[in-house]
Amino acid sequence: MTVSQATDYEGVIGLEIHAELQTATKMFCRCPVVDLTATPPNTAICEICTGYPGVLPVINQRAVEYAIMVGLALNCEIRPYSIFARKNYFYPDLPKGYQISQYEYPLAVNGYLMIDLADGRQKRIGIRRAHLEEDTAKNIHLGDGTSLVDYNRSGIPLLEIVTEPDLRSGEEAEAFGRKLRAILQYLEVNSGDMSKGVLRMEPNISVRPVGANELRTRTEIKNLNSIRNMSRGTAAEIERQITVYESGGSVNQETRGWDEHRQKTVLQRVKESADDYRYFPEPDLPVLEVSEEWVDAIAAKMPELPDAKRSRYLAALQLNEYDAGVLVADRAIAEFFETAVAAGGDPKTVANWITGQIFRLMNKDSLEREEIGSISIQPEQLVALIGLVDRNLINNNTAKQVVDIMYAEGGDPADIVEARGLAQESDEAVLQEAIAQALAANPDEVQRWLDGEEKVSKFLMGQVMRILKGKADAQQVQTLLNEALENRRA
Ligand SMILES: [Zn+2]
């Protein structure tokens, strides 16, 4: 086969996602699910999650409910019967010598997720399966040849989600990752914090000539600590494979890592043969039965998800597509927005303030959108600030100053305006006085205006606002200034 230099390639990407289900207790025992970064190692463990012989696991019903919620949100078929199986392998993070997972009979299958592309279109990405399993312990390599194991993670409920290879680029992988993460956050089953490892996304990647149907040898990228790195790693790996094929080489089946500093993927491990996990049904657990009534009851108490929320914002609140999309992309942003609207804020004005000034301030501090709940501006205070502008007590420029102060120091907008003397002057006599002062100080400009040079009025307007220290309604000042100038014609 000859490959012409002009061949256009496309990426073929599937994602394997591991999402910890943040239930109160672990998958098969009563140990608490803890934040690994904030808990001393090996303090949330027992005989079951450390794999002592003779113990019996018990299925955590809440974890099954969480998994069903995610399955429904991903438009999956929830199977009435699913079976836990032992996945046998040996590793220090797996004290039993096997992981309890689901293999031939997963809980949820045949779903899809609509992702939002940059050009406004949506694309359907197939979900092959979502199954329940338990997390392994965490190995900590000290770098001097010593490794430590934290069993606090061992047995935390884990949902593995596998997509069809329907993604074609790093951007599409990113769109999928963001949408899925938002759904997990909306459902309150996972914090979405990839840097803490509670959510892990591993792309498997191959490339092929555009239009071809073949699936070529794929590589996978592991240990990605953010969606951005997942997207960049995917794009770089697609480029690398194209270069390999263009130079006549072949791609090996291997696991690669992401070198953030060099912005390229690096070889971690070559896979010489398929792993043989000798799966067999877990003899210590019953078949997991899920009745239709149970699924219906779970569906009935699910919260409104991003796509439904977006449609409602468009139809009922008359927001534009851009604002609606940005506001629903993070649950925390949507909550902030809805709290402000419930407090009496006009939806469009509130949306403008959030996507404009508040995002500007948060970007300055490199805050993620989901951290909006931690800023010192409360939604009700934003509505109060908008009210001051509506009632003409401050103008828009002053409002921007006030929001900066609210963000930096906290406090109510009305108090800030009063304490700093930012209220605008609306007493007409004071405004007239400022205008008279400005005109008296600039007789040449006044003459030019009288001679027909209208644009001079802009300069005079600036002089008046300077005397008023910007604290006046520009519209009102302009009207009074025009009157004053007209009077000089006489
Ligand atoms: Zn335990």
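The values are calculated or read from the model by the stated rules, or taken from the named source; none is laboratory data. These figures come from a predicted structure and were not determined experimentally. Methodologically, a virtual Cβ is constructed for each residue, glycine included, from the backbone with ideal geometry; neighbour enumeration extends over all protein chains shown. Heavy atoms of the whole protein, side chains included, go into the accessibility calculation; ligands, DNA and RNA do not. Shrake-Rupley method; radii C 1.70, N 1.55, O 1.52, S 1.80 Å.
Cα centroids of the stretch 93-157 and the stretch 169-223: how far apart, whole angstrom?
12 Å
Under the classification rounded if a/c is under 1.5, otherwise prolate if a/b is larger than b/c and oblate if not, where does the stretch 207-294 fall, given a ≥ b ≥ c as square roots of the Cα gyration tensor eigenvalues?
Working: a/c = 2.08, a/b = 1.88, b/c = 1.11.
Prolate is the answer for the stretch 207-294, as a/c is 1.5 or above and a/b outweighs b/c.
What list of ³J(HN,Hα) couplings, whole Hz, do you get for the stretch 402-412 from phi and the Karplus terms 6.51, -1.76, 1.60, once you set θ to phi - 60° and write x for glycine and proline?
3J(HN,Hα) across the stretch 402-412, in whole Hz: 5, 5, 4, 5, 4, 5, 7, 10, x, x, 7.
Restricting attention to the alpha-carbon atoms of the chain, what are Rg (one decimal) and Dmax (integer), both in Å?
My reading of the Cα-based Rg and Dmax gives 30.3, 105 Å.
Can you compute 3J(HN,Hα) from phi for each residue in the stretch 164-169, using the Karplus curve 6.51 cos²θ - 1.76 cosθ + 1.60 with θ = phi - 60°, rounded to whole Hz and x for Gly and Pro?
Rounded to whole hertz, the list is 6, x, 9, 8, 10, 7.
Name the residue from Val403, Gln22, Ser426 whose Cα lies farthest towards the positive end of the charge dipole of the chain, charges +1 on Cβ of Lys and Arg and -1 on Cβ of Asp and Glu.
Gln22
Enter the angle in degrees (range 0 to 90, nearest 10) between the Cα long axis of helix 61-73 and the first principal axis of the Cα atoms of the chain, meaning the one along which they spread out most.
Here the helix axis deviates by roughly 60 degrees.
Quick one: net charge around Val244, please, counting Lys, Arg +1 and Asp, Glu -1 for every other residue with C-beta under 11 Å from its C-beta.
Value of the local net charge: -1.
Starting from the residue with the highest accessible area, list Lys364, Lys471 in decreasing order, probe 1.4 Å.
Descending accessible area places them as Lys364, Lys471.
Quick check: pseudo-label points 7 Å beyond the Cα along Cα→Cβ at Arg168 and Tyr112, how many nm apart are they?
Each label point lies 7 Å from its Cα, and together they span 1.5 nm.
In degrees, nearest 10, range 0 to 90: what is the angle between the Cα axis of helix 428-441 and the longest Cα principal axis of the chain?
70 degrees
With only Lys, Arg, Asp and Glu charged, each at its Cβ (+1 for the first two, -1 for the last two), find how big the charge dipole of the chain is about the Cα centre; round to the nearest 20 debye.
It works out to roughly 860 debye.
Might you tell me the accessible area per residue for the chain, computed with a 1.4 Å probe and given in Å²? Could the numbers behind the result be given before it?
Details: 24570 Å² over 490 residues.
I get 50 Å² per residue for the chain.
Putting +1 on Lys and Arg Cβ atoms and -1 on Asp and Glu Cβ atoms, find which of Ile394, Ile100, Pro379 reaches farthest to the positive end of the dipole of the chain.
Most positive-ward Cα: Ile100.
Between the helical axis of 456-467 and the dominant principal axis of the chain, each derived from Cα atoms, what acute angle in degrees is found, rounded to the nearest 10?
Result, in degrees: 80.
How large is the helix-only mean residue ellipticity at 222 nm for the chain, computed as the sum of -39500 (n - 2.57) over DSSP H runs with n ≥ 4, divided by its residue count, in deg cm²/dmol to the nearest 500?
Rounded to the nearest 500, the figure is -11500 deg cm²/dmol.
Pop the C-beta distance of Tyr279 and Asp35 into the FRET formula with R0 = 30 Å and round what comes out to the nearest 0.05.
0.45
Carbon-plus-sulfur fraction of the accessible area of the chain, 1.4 Å probe, in percent?
Roughly 48 percent of what the probe reaches on the chain is carbon or sulfur.
Protein chains only, probe 1.4 Å: how do Asp444, Asp365 rank by accessible area, largest first?
Asp444, Asp365
Please identify the GluC sites (Glu not before Pro) of the stretch 260-346 that satisfy two criteria: DSSP loop assignment and at most 14 other Cβ atoms within 10 Å. Which are they?
Sparse-neighbourhood loop GluC sites (Glu not before Pro): Glu260, Glu272, Glu304.
As an exercise, identify the GluC sites (Glu not before Pro) in the stretch 148-221 lying in DSSP coil whose Cβ has no more than 14 other Cβ atoms within 10 Å. Walk me through the intermediate numbers first.
Working: sites: Glu160, Glu171, Glu172, Glu174, Glu188, Glu214, Glu220; in loops: Glu188, Glu214.
The qualifying sites are Glu188, Glu214.
In a shell of Cβ-Cβ distance under 15 Å around Ala423, excluding Ala423 itself, what net charge do Lys and Arg (+1) and Asp and Glu (-1) give?
With Lys, Arg at +1 and Asp, Glu at -1, the neighbours total -3.
Which of the lysines could a cross-linker span from Lys348 if the Cα-Cα distance has to be under 27 Å and same-chain partners fewer than 8 positions apart are dropped?
Result set, ordered by chain and number: Lys179, Lys309, Lys364, Lys400, Lys471.
If amide H atoms are built 1.01 Å from N in the plane of the peptide, which residues on other chains or at least 5 residues away come under 5 Å of the amide H of Ile127?
Gly111, Tyr112, Leu113, Glu164
Per 0.36 nm of contour for each residue apart, how much would the distance between Ile405 and Tyr81 grow if the chain were fully extended, relative to their Cα-Cα spacing? Display every interim value, and only then the final one.
Details: separation 324, 0.36 × 324 = 116.64 nm, distance 5.74 nm.
Between Ile405 and Tyr81, full extension yields 110.9 nm more.
How many nm is it between the label spots at Phe459 and Arg312, if each spot is 7 Å from the Cα in line with the beta carbon?
5.6 nm
Toward the positive end of the charge dipole of the chain, about the Cα centre and with charges on Cβ (Lys, Arg +1; Asp, Glu -1), which of Tyr66, Ala85, Gln253 goes farthest?
Gln253
How would you rank 400-407, 417-424, 228-235, highest first, on the average number of other Cβ atoms within 10 Å across their residues?
228-235, 400-407, 417-424
Residues with beta-carbon under 13 Å from that of Pro53, excluding Pro53: net charge, scoring Lys, Arg +1 and Asp, Glu -1?
-1
Under a plain spin-label model, where a point goes 7 Å from the Cα along Cα-to-Cβ, how far apart in nm are Ser291 and Glu188?
Here the answer is 2.6 nm between the modelled labels.
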